[in-house]
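In what follows, a single structure is set out as structure tokens and then discussed.
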Amino acid sequence: MAVQSPQGRVYRVSRKHLPGSSAATDGGQCTELAGDQVAQNLKTIALFGGTFNPVHFGHLRMALELKEALGFDEMRLLPSHQPAHRGEPEVSAEDRCAMLALALENCPELVLDDRELKRAGATYTVDTLEELRSELGDDVSISFCMGLDSLLGLPGWHRWEKLVALAHLVVVTRPGWQLPREGEVAELLAQHRGDSSHLASEAAGRILVREQTLLPISATAVRELIRHGRSPRFLLPERVLDYIQTHQLYRS
């Protein structure tokens, strides 16, 4: 991995280089790079999590725009089993995963990652990131994508202080939204704020805030339409709607 010193020199670190790692003190070697070597990038993987209850075009469009705008090598959609910060979804994890798989069938740019559905109990993002980091190693950049509302509620998450040591946080805000100026989240932003260039040059440790116009679609609104006998057509993929109708989901 390439890192830049305060004097502007760029070095490659031969061992672990995640924030908080012991590479700096356990014998890891640093080699100064020539200018034409600095451009070498890490593989970049982004995670876009949610209950997807059900998946709709707002989810899909946001994930696709993030992948293209930030140049991620992979964008993985990560359905949660039982979110710790909200009630258990009324539709099973299997149904939500099946709908997401149908939505992604003809979209090679987006990939389904069902690892959270295989764990029992509440879903914690930090556990997922630890598992993925262990699987991929330290020479892959991981980014976890979230909305501004999730960022503002971050201090209530399980072991939230560990998140930026494991991944970058990509925060999507609507035009005109304001970031906090004080408190724990403001301090976190001040310490870790980065830009898109860091996503391919560092494995973790940055917070990137990206303003993006979002489609005004919500899963809650889709469920309410179905519950009241109205059609959610054109708010979600046709095959997802067919699945909902076939299995009579969200009617009660």
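Condition check for L77 on (1) touching a helix residue (DSSP H, G or I) at 6+ places or on another chain (Cβ under 8 Å); (2) part of a helix (DSSP H, G or I): one failure, at (2).
Matching residues to (1) buried (at least 17 other Cβ atoms within 10 Å of the Cβ); (2) small (G, A, S):
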{"site": "E94", "(1), (2)": "no, no"}
{"site": "E116", "(1), (2)": "yes, no"}
{"site": "G121", "(1), (2)": "no, yes"}
{"site": "L129", "(1), (2)": "yes, no"}
{"site": "R133", "(1), (2)": "yes, no"}
{"site": "L136", "(1), (2)": "no, no"}
{"site": "D139", "(1), (2)": "no, no"}
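So which residues in the stretch 194-221 are exposed (fewer than 15 other Cβ atoms within 10 Å of the Cβ) and free of Cβ contacts under 8 Å to residues at least 40 places away in the same chain? Passing the criteria: D195, S197, E211, T213, T220, A221.
The residue list V172, V91, V126, V140 contains one member that is of a type in the set (V, I, T) and within 30 Å of S252 (Cβ to Cβ), which is V91. Screening E88, E68, E105 for residues that are more than 13 Å from the chain's Cα centre (by Cα) and part of a helix (DSSP H, G or I) leaves exactly one candidate, E68.
Among the residues that make up the stretch 216-236, is at least one of them in contact with an Asp or Glu (Cβ under 7 Å, 6 or more places away or on another chain) and within 25 Å of T173 (Cα to Cα)?
no
If I filter the stretch 182-193 for residues that are touching a helix residue (DSSP H, G or I) at 6+ places or on another chain (Cβ under 7 Å), of a type in the set (A, V, I, L, M, F, W, C) and in contact (Cβ under 8 Å) with a residue 40 or more places away in the chain, do I get at least one hit? No, the stretch 182-193 contains no residue that is touching a helix residue (DSSP H, G or I) at 6+ places or on another chain (Cβ under 7 Å), of a type in the set (A, V, I, L, M, F, W, C) and in contact (Cβ under 8 Å) with a residue 40 or more places away in the chain. Applying the criterion of at least 1 residues that are in the same structural domain as L47 (by TED's automatic domain parsing) and under 19 Å from the mean Cα position of the chain (by Cα) to the helices (runs of 4 or more DSSP H) found wholly in the stretch 141-252 leaves 148-152, 163-166, 184-192, 198-201, 219-227.
The values are calculated or read from the model by the stated rules, or taken from the named source; none is laboratory data. All values reported here derive from a predicted model rather than from experimental measurement. Please note: Cβ atoms are built from the backbone with ideal geometry, for glycine as well, and neighbour counts cover all protein chains shown.
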